[in-house]
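Remarks on the structure that follows.
The values are calculated or read from the model by the stated rules, or taken from the named source; none is laboratory data. This one's a predicted model, so the numbers in the text were calculated from it and none came from an experiment. Glycine gets a Cβ as well: all are built from the backbone with ideal geometry, and neighbour counts include every protein chain shown. The protein model used for the area step is the full one, side chains on, heavy atoms only, and it has no ligands, DNA or RNA in it. Shrake-Rupley method; radii C 1.70, N 1.55, O 1.52, S 1.80 Å.
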Amino acid sequence: MSKKIISVSEAAALMKDGMTIMIGGFLAAGSPHKLINAMVERKVKDLTIIANDTAFPDKGIGLLVANKQVKKVIVSHIGTNPLTIEQFNNKELEVEFVPQGTLAERIRCGGAGLGGVLTPTGIGTIVEEGKQKITVEGKEYLLETALHADVALLGASVSDKSGNLFYKGTTQNFNPMMATAADLVIAEAEEIVETGGIPMENIHTPAVFVSYIV
């Protein structure tokens, strides 16, 4: 078997207190559920999570929030998880809200080695507070800085033994761009096939970005 293939427990052991972790998924669709469950069991804490959302109290990233293992989330919304809202209101959890498209671009910039992206989204709202404004050809933009993580945890539909990944339907969401923006990338696959078993045109994340497969 490929040395890239490790167990859930081996992968969870790579998660350390205080890490910044990107987790793929949109309302838990496309999230690495076994890896998240293993992190809950290990009680790794003081995490900063970068994700689209915090899912639900009993599913996906919400399990980490419910177990109070997260100190900060960088997300586009928290409305589906009342525990995130409660911890935010009680000042137990820091929440950095980022417009969804801006969040995607900040992650993409992190993967591309760029310092950030200029966007008009948020001008004239609370989103612009504390951010640098740059004028280009007479129009104002916000400088939104790149996001990078210690670890990215992906949820893939299929992986081959080399780590090439395919995501079915909307489970693709943030996973491919997160794969480019972290020092360590671990993909949890529903199915693992022989190298070459995924048609080249169906590979969404090339193996070069993937450190380990679960």
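Two decimals is fine: what is log10 I(q)/I(0) at q = 0.10, 0.14, 0.19 Å⁻¹ for segment 82-214, from a Debye sum with one equal scatterer on every Cα and no solvent? The Debye formula, applied to the Cα set alone, gives -0.44, -0.76, -1.04. Could you work out the relative contact order of the chain? I mean the mean sequence separation of Cα pairs under 8 Å and 6+ apart, divided by the number of residues, in percent. The value is 23 percent.
Listed by chain and number, the lysines whose alpha-carbon sits under 23 Å from that of Lys45, ignoring those within fewer than 8 places in the same chain, are Lys16, Lys34, Lys59, Lys68, Lys71, Lys72, Lys91.
In this label model, Asn90 and Lys68 are separated by 0.6 nm, measuring between points 7 Å along each Cα→Cβ vector.
Once the 1.4 Å probe is applied to the protein heavy atoms, the chain comes out at 47 Å² accessible per residue. For the chain, what does -39500 (n - 2.57) per DSSP helix run (n ≥ 4), summed and divided by total residues, give at 222 nm, in deg cm²/dmol to the nearest 500? Mean residue ellipticity at 222 nm (helix-derived): -5500 deg cm²/dmol. Overall dimensions of segment 1-104, expressed as equivalent-ellipsoid semi-axes from the Cα gyration tensor (√(5λ), whole Å, largest first), are 23, 15, 12.
Within the full protein context, the accessible area of Tyr141 is estimated at about 50 Å² for a probe radius of 1.4 Å.
I'd like the FRET efficiency for Lys3 and Glu41, computed as 1/(1 + (r/R0)^6) with the beta carbon distance as r and R0 of 41 Å, rounded to 0.05. So, using R0 = 41 Å, E works out to roughly 0.95.
Report in % the part of the accessible area of segment 1-140 that belongs to carbon and sulfur, leaving out ligands and nucleic acids; probe 1.4 Å. Before the final figure, lay out each step's value.
Values: 3710 of 6990 Å².
Heavy-atom surface of segment 1-140 belonging to carbon and sulfur, 1.4 Å probe: 53 percent.
Close amide H contacts of Ala189 (hydrogens built in the peptide plane, cut-off under 5 Å, sequence separation of 5 or more or a different chain): Ala156, Val214. Taking all protein chains as they are arranged and a probe of 1.4 Å, the heavy atoms of Lys4 leave approximately 50 Å² accessible to solvent. The alpha carbon centroids of segment 5-42 and segment 176-205 are separated by 16 Å.
Put a dot 7 Å past the Cα of Thr195, heading toward its Cβ, do the same for Glu140, and the two dots end up 5.4 nm apart.
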